[in-house]
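Here the structure comes first, spelled out in C-alpha cells, and everything after it is commentary.
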Amino acid sequence: VDNGELVSATLKREFGEEALDSLTASKHEKDRLRRLFQSIFSNEKAKEVFAGYVDDPRNTDSAWVETVATNFHDDTGDSVGQLDLQSGDDAGHVQWSDIDQKLQLYATHSHFLKRVTEMWGAHW
C-alpha cells in the first residue's frame, strides 16, 4: 500500500498493473478497466479473508510484513473470469489456475486460499 492509499484502491491498482499490464494500456483500455473494476471490486462483493501480521522470510526484529487478503468472488465467471490476463509491472507470469492444497506458494499465501475455499465450501 502506498503512503496515504486506501487498501481497496491498492487492490485495484496492483491487480491492474500486475495481472492486466495496465501500465502500458491505452487511455481507452484504462477507462474500460476502471469501469469494469468498479463492478468487480465493489465493497458489496468484498470478503476479507485475513488482515494482520504474516510469517514471511523478509521479517526482521524491526520490520515485518502485514497483509490484507480479500476475496472478490465471480459466481458466474462472466466478469473476472473473462479478463485476458497479461503479465505487467513486476509480475513474471499470470494465468488462471485450478488450485488445491498441493500448490506451492510463497510464504502464507496457501493459508489464505484455504480460507477462501472454506468460505465457499469448495474443494481443497
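The values are calculated or read from the model by the stated rules, or taken from the named source; none is laboratory data. No experiment lies behind these values; they were computed from the predicted model shown. In this analysis, Cβ positions are derived from the backbone assuming ideal geometry, glycine residues included, and neighbour counts consider all displayed protein chains. Note: accessible area is taken over every heavy atom of the protein model, side chains too, but ligands, DNA and RNA are not part of it. Shrake-Rupley method; radii C 1.70, N 1.55, O 1.52, S 1.80 Å.
Do we have Gln101 as surrounded by fewer than 13 Cβ atoms within 10 Å (Cβ to Cβ) and under 23 Å from Ala122 (Cα atoms) here?
It is true that Gln101 is surrounded by fewer than 13 Cβ atoms within 10 Å (Cβ to Cβ) and under 23 Å from Ala122 (Cα atoms).
Looking only at region 2-30, which residues are in contact (Cβ under 8 Å) with a residue 60 or more places away in the chain and among the β-branched types (Val, Ile, Thr)?
Correct list: Val7, Thr24.
I'd like to verify a number: residues in region 8-30 that are in a helix (DSSP H, G or I) and loosely packed, with under 13 Cβ neighbours inside 10 Å, how many?
4
Here are some residues: Ala51, Ala91, Ala63, Ala25. Which one is in contact with a Ser or Thr (Cβ under 9 Å, 6 or more places away or on another chain) and among the small types (Gly, Ala, Ser)?
That would be Ala51, the only listed residue that is in contact with a Ser or Thr (Cβ under 9 Å, 6 or more places away or on another chain) and among the small types (Gly, Ala, Ser).
Looking at (1) in contact with a helix residue (DSSP H, G or I) (Cβ under 6 Å, 6 or more places away or on another chain); (2) open to solvent by 40 Å² or more (accessible area, probe 1.4 Å); (3) more than 20 Å from Gly16 (Cα to Cα), can you tell me which one Val49 breaks?
(2) is the only condition that Val49 fails.
In this structure, does Val7 turn out to be under 30 Å from His123 (Cα atoms) and either modelled with pLDDT under 90 or among the charged types (D, E, K, R) (or both)?
Yes.
Quick one: how many residues across region 7-54 are β-branched (Val, Ile, Thr) and in contact with a strand residue (DSSP E or B) (Cβ under 8 Å, 6 or more places away or on another chain)?
Summing the residues that are β-branched (Val, Ile, Thr) and in contact with a strand residue (DSSP E or B) (Cβ under 8 Å, 6 or more places away or on another chain) in region 7-54 gives 4.
State which residue is farthest from Gly77 (Cα to Cα) when the search covers only region 31-48 and only residues that are assigned to a helix (DSSP H, G or I) and without any contact (Cβ under 8 Å) to a residue 12 or more places away in the chain.
Residue satisfying both the conditions and the ranking: Asp31.
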